[in-house]
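The values are calculated or read from the model by the stated rules, or taken from the named source; none is laboratory data. Quick caveat: nothing in here was measured; it's all calculated off a predicted structure. Every residue, glycine as well, gets a Cβ built from its backbone with ideal geometry; the counts of neighbours run over all protein chains shown.
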Amino acid sequence: MKIHEYQAKQLLASYGIGSPEGYLAENAQEAYEAAVKLGGTCVVKAQIHSGGRGKAGGVKLVKSAQEAKEVSEKLLGSTLVTKQTGPEGKVVNKLFVTAAVDVEKEFYLSLTVDNDGAGLVIIASADGGTEIEEVAEKNPERIIKQPVSVMMGMKDYQIRAVADALGLPNELLKPFNAMMKNMYKLFMEKDCSLIEINPLVITGEGELCVLDAKVTFDDNAMFRHPDMALLRDIAEENPKEVEASKYDLNYIQLEGNIGCMVNGAGLAMATMDIIQSCGGRPANFLDVGGGATAEKVAGAFEILLSDSNVKAIMVNIFGGIMKCDIIAEGIVEAAKKLGVKVPLVVRLEGTNANLGKEILDKSGLDIISAGDIAEAARLSVARV
Ligand code: ADP
Ligand code: MG
């Protein structure tokens with residue numbers, strides 16, 4: 001789960017990592033008032049779940065409260081297309097109005113999960129700021145990586161190694177150490193998957209200062225953090241994926257036109273592969289899971305039916321723990337509600353397959369039966 005910059009900064013502050021004074025603004029008048037509090041000159045920042053805002057025009061230095069208001073009017077409701085949003089961009093609904101900082105030098109600093117190392121890793125660079133992607137691509141040697149064991153914790157010598165590699169001056173070693181320790185504490189206590197500060201800057205006064213922050217939580221651990229779950233901003237998420245999450249479904253929208261309903265992540269991946277190899281393109285990844293109820297299946301099927309990109313649906317179920325009759329009931333329930341206007345190819349195998357087929361036969365739905373997964377894929381691709 002992602003959160004906004006202003007929320008990440010609040011969270012960091014609660015762990016002793018402060019950042020410049022700033023206020024959330026949801027309309028231009030609020031932005032004006034925030035700018036007045038900040039003395040006129042300030043930075044107006046679009047709050048969207050994406051980086052690269054600066055380059056896309058989403059971070060604006062203004063010289064007066066009036067200018068803050070004008071910039072806010074333009075930004076609010078506009079769509080920002082950044083390197084990370086994809087071509088459809090993200091609509092700006094909120095702004096963060098914050099003090100303008102005199103920047104001497106920008107660093108990149110993050111703490112994230114290192115899958116290969118089975119631990120965490122500090123990633124840092126003395127070439128921080130908006131060009132960090134280019135640095136990683138063209139000068140990977142400029143990116144410092146320091147593994148951190150979650151058994152041992154983050155050690156002073158590891159922090160010192162990063163500080164030295166960044167070339168931090170001696171007087172900043174202590175505050176940098178404190179910052180890293182606090183970041184680690186936050187990461188562990190809140191089950192983060194990423195804490196990223198880019199840029200971390202040295203100001204004209206020679207102090208460390210957090211100018212941008214991103215915190216991402218491990219979705220699988222959200223049940224342990226109801227307070228963090230409150231920070232979720234559904235407006236930032238794909239509406240179909242939000243709908244799917246209500247039913248606890250593993251659903252990811254894709255660009256193709258064959259809607260897939262499958263049980264088991266492995267079978268779902270194989271289904272996407274086989275559709276591709278037959279020359280088609282899946283509209284989604286969907287794993288309804290093992291112990292799904294008919295209601296959950298119906299919810300899943302409704303999501304597929306309501307997707308206007310979907311020109312055919314391929315149901316591919318191998319009943320193990322999941323029973324085929326439950327799937328069939330869910331399909332019929334959703335079909336009754338919304339109607340099926342696209343070809344529906346069904347392959348049922350395994351537990352209660354015959355019962356499932358019987359339910360579908362009796363439903364009066366126009367179903368194209370497939371004997372196996374390859375046939376189901378071929379038939380689906382042929383129909384679109
Ligand atoms: P993004 O990473 O989405 O582009 P940032 O918050 O990092 O957004 O802002 C982009 C750049 O704008 C930063 O690298 C920094 O140079 C500048 N910037 C951001 N906030 C401030 C601020 N409060 N004062 C001065 N400059 C800022
Ligand atoms: Mg940034």
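Here is how the numbers come out for the structure above:
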quantity: Pair list, Cβ under 6 Å, 6 or more apart: region 184-206 residue farther than 19 Å from LYS155 by Cα and without any contact (Cβ under 8 Å) to a residue 40 or more places away in the chain, other residue assigned to a helix (DSSP H, G or I) and more than 16 Å from ligand 2 (Cβ to nearest atom); calculated: ASP191/ALA221
quantity: Flag if SER110 is over 20 Å from the mean Cα position of the chain (by Cα), buried (at least 18 other Cβ atoms within 10 Å of the Cβ), in the same structural domain as VAL210 (by TED's automatic domain parsing) and modelled with pLDDT of 95 or more; calculated: no
quantity: Residue that is nearest to ligand 2 (Cβ to nearest atom), among those in region 124-174 that are farther than 23 Å from GLY206 by Cβ and part of a strand (DSSP E or B); calculated: ILE143
quantity: Which listed residue, of MET188, MET222, is aliphatic (A, V, I, L, M) and more than 26 Å from LYS94 (Cβ to Cβ); calculated: MET188
quantity: Positions within region 301-326 being surrounded by 18 or more Cβ atoms within 10 Å (Cβ to Cβ), aliphatic (A, V, I, L, M) and touching a Gly at 6+ places or on another chain (Cβ under 6 Å), in sequence order; calculated: LEU304, VAL310, ILE313, MET322
quantity: Residue in region 290-302 that is part of a loop (DSSP other than H, G, I, E, B) and aliphatic (A, V, I, L, M) present; calculated: yes
quantity: Residues of region 199-224 satisfying the condition of being within 22 Å of GLY119 (Cα to Cα) and either within 13 Å of ligand 2 (Cβ to nearest atom) or in contact with a strand residue (DSSP E or B) (Cβ under 7 Å, 6 or more places away or on another chain) (or both); calculated: ALA213, LYS214, VAL215, THR216, PHE217, ASP218
quantity: Residue ID - surrounded by the most Cβ atoms within 10 Å (Cβ to Cβ), chosen from residues in region 93-107 that are within 16 Å of ligand 2 (Cβ to nearest atom) and of a type in the set (Val, Ile, Thr); calculated: THR98
quantity: Scope region 300-349; condition within 13 Å of GLY259 (Cβ to Cβ) and acidic (Asp, Glu); matching residues; calculated: GLU302, ASP307
quantity: Residue among VAL71, VAL121, VAL44, VAL36 that alone is in a strand (DSSP E or B) and away from ligand 2 (no atom under 16 Å from the Cβ); calculated: VAL121
quantity: Index of the failed condition, LEU194 passing every other in (1) within 16 Å of ligand 2 (Cβ to nearest atom); (2) surrounded by 20 or more Cβ atoms within 10 Å (Cβ to Cβ); calculated: (2)
quantity: Verdict on ALA56 being over 30 Å from VAL150 (Cβ atoms), in a helix (DSSP H, G or I) and within 14 Å of ligand 1 (Cβ to nearest atom); calculated: no
quantity: Residue in region 74-94 that is farthest from ligand 1 (Cβ to nearest atom), counting only those that are under 16 Å from ALA25 (Cβ atoms) and in a loop (DSSP other than H, G, I, E, B); calculated: GLY77
quantity: Lone qualifier among ILE197, ILE252 - being among the β-branched types (Val, Ile, Thr), in the same structural domain as GLU171 (by TED's automatic domain parsing) and either farther than 26 Å from GLU88 by Cα or not in a loop (DSSP other than H, G, I, E, B) (or both); calculated: ILE197
